[in-house]
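Engineer: Below is the structure I would like to discuss, written out as structure tokens.
The values are calculated or read from the model by the stated rules, or taken from the named source; none is laboratory data. As the structure is a computational prediction, the values presented were derived from the model and not from experiment. Positions of Cβ are backbone-derived with ideal geometry, glycine not excepted, and every protein chain shown enters the neighbour counts.
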Amino acid sequence: MSHSYLCADQIKQIATNHCIFKMRRQTRPSPLPGDYLELDFEIVKEYWNEYDLSDGNRIKVRIVLQKLVCDPDDYTDISICPSKPMYIVYADVANRGDPNNEPKPREFEACPKAKIKIKRSNEQFNIYRVPRNDFIIRLGLSVSGIHRLVNRFDGDGLPFYILNSVPVIIVEPHEA
């Protein structure tokens, strides 16, 4: 298994209060190389994002921090590993269909899709504290579009959606 350490499209430097955090997008096989230090973190707050959809259904989405590592010689050189997004669909009985009609990932592109508008959204950042470096990580998920696969349903008969989303990561010094 490999972990995707997603922090930015390219090496970035974020300067905040004279503190620079170098973040990278990279993939490292698990277990992590011995020269990297695993950092423990505390959960301050975690939320579910909520989306009310134009088809009358609702989706909750969540992304959480899985792992945090840094260069032992430079504690500002960090790699952040968020989880894959977790989705929950809420649909009235009238919007449900035949269970176990869920497409396989290789079928996603070929399936007919309907663009679904987001009527209302509530996106919040999860907040984590890293005691060793005394900084805060804000991790969120930004959803830019939602498509419903036509006449395709999951194992519970709930509509099947594809969400276009990207993790958003902010690293800042902890302020007491």
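Engineer: How many residues are surrounded by fewer than 17 Cβ atoms within 10 Å (Cβ to Cβ), more than 18 Å from the chain's Cα centre (by Cα) and not in a strand (DSSP E or B) if we restrict to region 116-138?
Structural biologist: Summing the residues that are surrounded by fewer than 17 Cβ atoms within 10 Å (Cβ to Cβ), more than 18 Å from the chain's Cα centre (by Cα) and not in a strand (DSSP E or B) in region 116-138 gives 4.
Engineer: All but one of (1) outside any loop (DSSP other than H, G, I, E, B); (2) surrounded by 13 or more Cβ atoms within 10 Å (Cβ to Cβ); (3) modelled with pLDDT under 90 hold for Gln13; which doesn't?
Structural biologist: (2)
Engineer: Continuing with this model, one more query. Can you confirm whether region 39-61 contains a residue that is at pLDDT below 90 and surrounded by fewer than 18 Cβ atoms within 10 Å (Cβ to Cβ)?
Structural biologist: No, the conditions are met nowhere in region 39-61.
Engineer: Would region 132-150 turn up any residue that is small (Gly, Ala, Ser), without any contact (Cβ under 8 Å) to a residue 24 or more places away in the chain and closer than 30 Å to Glu175 by Cα?
Structural biologist: No, that holds for no residue.
Engineer: From the residues in region 78-115 that are assigned to a helix (DSSP H, G or I) and charged (D, E, K, R), which one is surrounded by the most Cβ atoms within 10 Å (Cβ to Cβ)?
Structural biologist: Ranking the candidates gives Glu107 first.
Engineer: Does Asp98 satisfy the condition of being farther than 26 Å from Glu123 by Cβ and free of Cβ contacts under 8 Å to residues at least 40 places away in the same chain?
Structural biologist: no
Engineer: Among the residues in region 139-158, are any surrounded by 15 or more Cβ atoms within 10 Å (Cβ to Cβ), at pLDDT below 95, touching a Leu at 6+ places or on another chain (Cβ under 8 Å) and more than 19 Å from Tyr47 (Cα to Cα)?
Structural biologist: no
Engineer: Moving to a separate point now. Hey, among the residues in region 139-165 that are assigned to a strand (DSSP E or B), among the aliphatic types (A, V, I, L, M) and closer than 29 Å to Arg96 by Cβ, which one's nearest to the chain's Cα centre (by Cα)?
Structural biologist: Here the residue is Leu141.
Engineer: Here's a follow-up. Taking the conditions exactly as written (touching a Pro at 6+ places or on another chain (Cβ under 6 Å) and modelled with pLDDT of 90 or more), does Pro99 satisfy them or not?
Structural biologist: So Pro99 does not fit the description; no.
Engineer: While we're here: Residue by residue through region 126-150, note down the ones that are in contact with a Ser or Thr (Cβ under 8 Å, 6 or more places away or on another chain) and among the small types (Gly, Ala, Ser).
Structural biologist: Across region 126-150, the qualifying residues are Ser142, Ser144.
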